[in-house]
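In what follows, a single structure is set out as structure tokens and then discussed.
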There are 4 protein chains.
Amino acid sequence: MSASRIRVGILGATGTVGQKLVALLADHPWFEVTAVAASERSVGKRYREATHWLEPAPMPEATADLRVAPAQPPLAADIVLSALDAATAAAFEPAFARAGYAVISNAGAWRMHPSVPLLVPEINADHLALLATQEWRPGYIVTNPNCSTTGLACALAPLVRAFGVSDVHVTTLQAITGAGHPGIPALDILGNVVPFIAGEEEKIESETSKILGRIVGGRVEPAPMRISAHANRVPVLDGHLLCVSARLGRCVPIADVRAAFAEWRSQLDGLGLPSAPPRLLHVFDDAVSPQPRLHASLGDGMTVSVGRLRSCPLLDVRFVVLVHNTVRGAAGAAILNAELLAQRELLHAGKRLASDLAPLAAKSPRPTAPAGPDP
Amino acid sequence: MSASRIRVGILGATGTVGQKLVALLADHPWFEVTAVAASERSVGKRYREATHWLEPAPMPEATADLRVAPAQPPLAADIVLSALDAATAAAFEPAFARAGYAVISNAGAWRMHPSVPLLVPEINADHLALLATQEWRPGYIVTNPNCSTTGLACALAPLVRAFGVSDVHVTTLQAITGAGHPGIPALDILGNVVPFIAGEEEKIESETSKILGRIVGGRVEPAPMRISAHANRVPVLDGHLLCVSARLGRCVPIADVRAAFAEWRSQLDGLGLPSAPPRLLHVFDDAVSPQPRLHASLGDGMTVSVGRLRSCPLLDVRFVVLVHNTVRGAAGAAILNAELLAQRELLHAGKRLASDLAPLAAKSPRPTAPAGPDP
Amino acid sequence: MSASRIRVGILGATGTVGQKLVALLADHPWFEVTAVAASERSVGKRYREATHWLEPAPMPEATADLRVAPAQPPLAADIVLSALDAATAAAFEPAFARAGYAVISNAGAWRMHPSVPLLVPEINADHLALLATQEWRPGYIVTNPNCSTTGLACALAPLVRAFGVSDVHVTTLQAITGAGHPGIPALDILGNVVPFIAGEEEKIESETSKILGRIVGGRVEPAPMRISAHANRVPVLDGHLLCVSARLGRCVPIADVRAAFAEWRSQLDGLGLPSAPPRLLHVFDDAVSPQPRLHASLGDGMTVSVGRLRSCPLLDVRFVVLVHNTVRGAAGAAILNAELLAQRELLHAGKRLASDLAPLAAKSPRPTAPAGPDP
Amino acid sequence: MSASRIRVGILGATGTVGQKLVALLADHPWFEVTAVAASERSVGKRYREATHWLEPAPMPEATADLRVAPAQPPLAADIVLSALDAATAAAFEPAFARAGYAVISNAGAWRMHPSVPLLVPEINADHLALLATQEWRPGYIVTNPNCSTTGLACALAPLVRAFGVSDVHVTTLQAITGAGHPGIPALDILGNVVPFIAGEEEKIESETSKILGRIVGGRVEPAPMRISAHANRVPVLDGHLLCVSARLGRCVPIADVRAAFAEWRSQLDGLGLPSAPPRLLHVFDDAVSPQPRLHASLGDGMTVSVGRLRSCPLLDVRFVVLVHNTVRGAAGAAILNAELLAQRELLHAGKRLASDLAPLAAKSPRPTAPAGPDP
């Protein structure tokens, strides 16, 4: 059984996103963690000893026994999931790609690179077409967006499709897990708000347009929208909340906006990817939802919630969005990307040919677990 | 000494805003608390027994011994400060005004009434002119705004004056003290955000324009601006934070906006009101301020802080505002209004004539404590 | 399938413990919720409308559609699980028992009654023998202990068996879910500790001895120990932490105490009860565990954690205990009791004869789901 | 005016205790801060730039402009207050003492040294007699206890005097400010308890006996008591809460214990030290006090609160103690020690002779500010 699963190496495995990857992959039907890589300080230790484990579930025994490797190729794995910090990712992810690995990255380093797909696969699985143009062969790099951006893009996608969106105002209330560990000192955030998160507003303002853009001539044409973001850190454990106002392409009643959320269809529908939630979006119609502590884990943390949909005196509509920042916004997003690539049979690590990437239209649902790369 | 001070009755004295009024008036140079009124349940008890005291400073002994009276005239006081809930205020504040009391109210009931001044006295002390038109004689009603609105209006005032403001987008992160006691259950807010506060967005959207409006022909002409508000409750004790974006009347460099904050002058400058802070606005130039726990108490809670001033990709400027919700946003605001009225010699409770209210231009600073009402 | 499950009525179903019962029974292999009862205010409403749902998982659809019944017999159920408050339980649980229901109660009303088993079944399943003496026929009442007491009793059980325990000092740090909803106002507990919980210390001091006592002559002979408890409320969501010092019956090295925890055997071993955790006790050997947020949910909340085992300068040993207050300490405990009664074939509600209760020695493991009461 | 004040240098001035020293000394009638010293990283910077200021009041301007010096003599000051970490204090405090400075230290390094007074001056000002035996001449080292220990010793002092105390069991619930900045990561403590604080239990168990001991033959004879401590970190900002049980030297009614608290007299009574609170101990007689957020700042943080006094089933009495950890438990304690030394005229820095220290009986109250060290 294990023999037929795809072997995954995790880069940055000892950090909080790395730990979440390990936790989410503990019983994955397609993947198994066979290598963990981290910084020099941890190399050579067992994962068990190298990691200040913060997940609620116990550390998976098989991973606990792995020795931490350096974050450089080669790694005893077929593909790599990267939870590296941006600076390290900038240097080492291309090296893995050139060594033939599919690099599925949560890091910020390459997200905005023109040939790197920035995927929320329910929305833009077709952006995989960019891989045909990537320079780091024979592997490649695929990324998922920043955690807040993911929530925003998911909530905007139905509106972009139905009406167009030209202006977006978003204020975030972000959980402390987004800052990793040790992250924010308790003394700075207990009973407090910090109205600033370094680089966050810029990421939201730039990444969203790329995610929602269209493939034109082999490149992403960003969605033509202006975005203004205010980012705040709040004393919440999991779940980023976003207060969003948007100007639509045309003036419509709120009921039509509500219907657009209901009628929107994911590009993953019918594919049976293990980490895809039954629905990407859950819309609450009561007055007080969604709330981080109650609703961040909907759909095992992969569902994005929308609530308080109402008209906006300034733009057209406004609403609240909730996204689980370390699952849908980080580790779960990377795993879903890996599942998409497996389903498209793009995980022939070490053997990928440019020609494999040419016909990137969606294929029929993958019926069973993918064969391992070296059967 | 006490004989020469103005005798204050507090309506709704056992609630959290009532307690804050009691605490702030403990050593006030002009006022002394001589009566406390509350709901039926408390009437007849000593204030000490009727109150679940939540202020950090011990309950003032003199007030502790007072017996709670019903919230109806007459009251053993010259003026009343009202911390009643809106429904009770709607019924009983006019009764007090008709009985000859100056009613200085924090309640929401009469704020938007055309003849009721909605005061942030540094900004619009001239709105006292409305009193000449009030129907509840021989007393009157004066109000202060909702807590969040106060912060917003204070921050917008210099921009309105310097450039004009046409559009405002505001997202609030509001402290739990704003909901009183028992208020919000811990189970609902610990490690959580509730993205809704009943009535709050409507208050912000309606009150702000009145505060920033001009007196024209004996009425307030609201400032012509559109406002969109998202209100959130966060696990913070004191201090509402607001993320604001604004479109100005004309396009100016950020440095000019910064200068407008610095150059703005309060209508109270030089009056020496005891509760007026040295400056209404404090502008932070670092990246991470203001923060509720660190800065809400600036100027003894009467200073409003502004920070993170920067351009907005959507509107023109954006910034963060912090206001102490129970001081500047409630009890301290009412007391400052009372001080303004004392300085204008408008606290002749029981004897006020309509003619007293005609010449409401600012007078020279009051040099000493006001004479008592019955010299 | 549903036809063969035992039909459960939940008393006090709209409260937090009632909700936890509903959540934990959502997919139970032996039981199904067929009736929900609550106070007058809720009677007649759908459970969906009557309940301010606070569980992270969505409300089970089948339960959501039930109409709330009054907390009086008859109820469309075979047995009742009671999450009533103590006063209501005192009045109505006997009525249900007399009407033929097995009443499995989390309430405090009858715990210390001489003929009522106070069960932590891993420790004292043999206390079911008390049922032979109960007066409320043809049904009966079985209880589980107070939440903190449960943790203490579980941790002491191995020590009582191995060495005897004569003196116990315990200080609790209790989570806010223990107070239900609305429960504690946020204003009272955010960034604070309340060093008092009404009735809690008395419950810990009295219940523990009964749980750890022996059946002698058809009655419980309490364990001969003196207990001193300090109870505190802390801003934690789930999980009561207890700092315990104990004097043992004889002086032993800490290693022997550690071994006593490891070697202790549950009375449920081998029975296969669905809610019984793999091990009742998990002992941490590191310096900083257990912690409420990280470890309260071990064993799906049914495992009690022990840590920081070390000698005590005053008594003999000291250690930290963690118990999930609403699962092992309330709803999960009641369900485990119901499972034990089902396994002992004591859930013939409405038909129980006194003679059924005579031979109460443990029987062989129940291989399949119990037959319903009316096949 | 400033010329007549004693010049104070602060060691470890950029840390949280150092900042609290700066804040508390901002308007001190006897002392002025003339030097700030910190680690290499900060040396040469202005205090303003070197410090991540966390105090609610703005940084005092005069201190903000000081250049940070290395933590080595000489320093532009008459005496030094030390907020160094223990390791640095171990090395450098003796150097300052040998260079002629009175070193008034909050650090743990020298507290248990036989010739170093461990002062809570209300309790044991007479321990200054130890200075006659100190080796680091011509200056000396005086210390204050660990923060939790301070609260415990203050509460036990009246009982030791009135009845004797033989056994003490204490469980602490400690605020996060006790760990400094960055201190505890938010991810470790938000909605959580950490049942361990490195070294804390050992300090409580050893320091308390020394503080409460008697001077016999020029040395401290520790109070003969056994102490067992459990230390916990809780998500509270300021104020350590202690749950204490004590066995008294003789069995007395609780009313007598209550009276002992009321009748106890401080060794500082009548001395007029600026930082001494009106009463060291405040005893609450209600059921739910003291609480950290409400009561830690009593007496400007220098009063220790006691509450929930009741009999203990195991030892004799039990009660709750609250101490402001960074004021009475750290910075305020050091300042009070400095005031005591000034009042005793023991701050002749650089000129102290052993003979000055011989007659250390209490002198008459110091009527005015002390003369500077070089009259």
* Structure fact -> Scoring only Lys, Arg, Asp and Glu (+1, +1, -1, -1) among other residues with Cβ under 13 Å from the Cβ of B:P94 yields 0
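For peptide B:311-318, how many partner chain Cβ atoms fall within 10 Å of a residue's Cβ, on average?
For peptide B:311-318, the averaged partner shielding equals 5.
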* **Euclidean distance between Cα centres, region A:262-337 to region C:12-40, Å** => 28 Å
* **Where rotation carries A onto B, the chain A residue whose Cβ is nearest that axis, in whole Å** => A:T171, 2
* If each of B:D285 and D:E202 carries a label point 7 Å out from its Cα toward its Cβ, how far apart are those two points in nm? -> 4.9 nm
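Starting with the fewest neighbours, write out A:V220, C:V170 ranked by other beta-carbon atoms found within 10 Å of each beta-carbon.
Values: A:V220 23, C:V170 28.
The most exposed by this proxy come first: A:V220, C:V170.
Rank these for me by crowding, A:T34, C:T172, B:T143, going from fewest to most other beta carbons within 10 Å.
Going from sparsest to densest Cβ surroundings: A:T34, B:T143, C:T172.
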* To do: State, to one decimal in nm and shortest first, how far the label point of B:R41 sits from each corresponding label point in the other identical copies (label point: 7 angstrom along Cα-to-Cβ).
  => 1.3, 5.2, 5.3
* Calculate the mean, over all residues of peptide D:173-181, of how many other protein chain Cβ atoms lie within 10 angstrom of the residue's Cβ. => 3
* **Violating pairs (Cα-Cα greater than 23 angstrom) within the set B:K20/B:K45; C:K20/C:K45; D:K20/D:K210; A:K20/A:K45** => D:K20/D:K210
* Structure fact -> Within 10 Å of the Cβ of an average residue in B:219-230, the count of other chain Cβ atoms is 3
* To do: Hey, can you grab everything whose amide H is under 5 Å from the amide H of B:D167? Only 5+ residues off in sequence or another chain; H modelled, so Pro and N-termini drop out.
  => B:R226, B:R247
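Summing -39500 (n - 2.57) over the DSSP H runs of n ≥ 4 in the protein assembly as shown and dividing by its residue number, what mean residue ellipticity at 222 nm do you reach, to the nearest 500 deg cm²/dmol? Don't jump to the answer; show the numbers that get you there.
Details: 44 runs with 368 residues, N = 1500.
Calculated mean residue ellipticity at 222 nm is -6500 deg cm²/dmol.
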* Asked: How far is A:G164 from itself in the other copies, in nm, if each label sits 7 Å out from Cα along the Cα-Cβ line, shortest first?
  -> 2.9, 8.7, 9.2
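Taking the alpha carbon gyration tensor of the protein assembly as shown, what are the square roots of 5 times its eigenvalues, largest first, to the nearest whole Å? List each step's numbers first, then the result.
Details: eigenvalues 480, 405, 284 Å².
Calculated on Cα positions only, the semi-axes equal 49, 45, 38 Å.
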* To do: List C:L54, D:L66 from most exposed to least, where exposure is judged by having the fewest other Cβ atoms within 10 Å.
  => C:L54, D:L66
* Would you mind computing, in nm to one decimal, how far apart the modelled labels at B:A86 and B:R41 are, each placed 7 Å from Cα along Cα→Cβ? => 2.1 nm
* Asked: Per-residue HN-Hα couplings for region B:83-92, Karplus 6.51 cos²θ - 1.76 cosθ + 1.60 at θ = phi - 60°, whole Hz, x for Gly and Pro?
  -> 10, 6, 5, 4, 5, 5, 4, 4, 7, 9
* Asked: Taking the Cα-to-Cβ direction at D:T133 and at B:V252 and moving 7 Å from each Cα, how far apart do the two end points lie in nm?
  -> 7.2 nm
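At most 13 other C-beta atoms within 10 Å and a DSSP loop state: those are the exposed trypsin sites (Lys or Arg not before Pro) I care about. Give me the longest piece of chain A that has none. Please list the in-between numbers first.
On the way: sites that count: A:R41, A:R250, A:R265, A:K351, A:K363.
Longest gap between qualifying sites, sites excluded: A:42-249.
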* **C-alpha center-to-center spacing [region C:94-160, region D:52-124] in angstrom** => 60 Å
* Can you list, shortest first and in nm, the gaps between the label point of B:A57 and those of its counterparts in the other copies, using a point 7 Å from Cα in the C-beta direction? -> 1.5, 5.2, 5.4
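Every number here is computed from the coordinates shown, using simple stated rules; none is lab data. Remember, predicted model here, so these are calculated numbers, not experimental data. Cβ coordinates were reconstructed from backbone atoms using ideal geometry, including for glycine residues, and neighbour counts include every protein chain displayed.
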